[in-house]
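Input: a single structure, listed below in structure tokens.
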Amino acid sequence: MAHSTVILRALGGLPLADPIVRDVVIATAHAIAERTGVKLIDLQWSPDAIMLTIDESRLAAIGFAAELRRLTNRWHATRDPKLKQPTSLWGEPPALDDPDPADWWKKP
């Protein structure tokens, strides 16, 4: 099987600079690997990202990162129950419903 590497990067801030957050994210990555039977070959982190290498296809690596993002965002949202609007650990991408000025894909 080919090794695949994927990076999950925060859109803002340095969430992994907090040792508690970093430990939870790393433990969650190991738990996902154990639960799914995926061999986690390498894990490296920086204050704003985590890089994972697994012994699976590129598609599996993307799915692994998506599951890591989903689980850690859910955990992060429950950290401070006083917040009315839970924050995302990794940030939210811009909305796709913003109109594209070119509208090149639409037929006239």
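The values are calculated or read from the model by the stated rules, or taken from the named source; none is laboratory data. Because the structure is predicted, anything quoted here is derived from the model rather than measured. So basically every Cβ, Gly included, is an ideal-geometry build from the backbone, and we count neighbours across all protein chains shown. Remember, those area values only see protein heavy atoms, side chains included, never the ligands or the DNA or RNA. Shrake-Rupley method; radii C 1.70, N 1.55, O 1.52, S 1.80 Å.
Taking the numbered list (1) open to solvent by less than 30 Å² (accessible area, probe 1.4 Å); (2) part of a loop (DSSP other than H, G, I, E, B) in turn, residue 68 passes all entries but (2). Filtering the range 9-18 for residues that are surrounded by fewer than 18 Cβ atoms within 10 Å (Cβ to Cβ) and over 16 Å from residue 88 (Cα atoms) leaves an empty set.
If you go through the range 40-52 and keep only what is surrounded by fewer than 21 Cβ atoms within 10 Å (Cβ to Cβ), in contact with a helix residue (DSSP H, G or I) (Cβ under 8 Å, 6 or more places away or on another chain) and in contact (Cβ under 8 Å) with a residue 40 or more places away in the chain, you end up with just 49. Residues in the range 42-58 that are aliphatic (A, V, I, L, M) and more than 23 Å from residue 10 (Cβ to Cβ): none.
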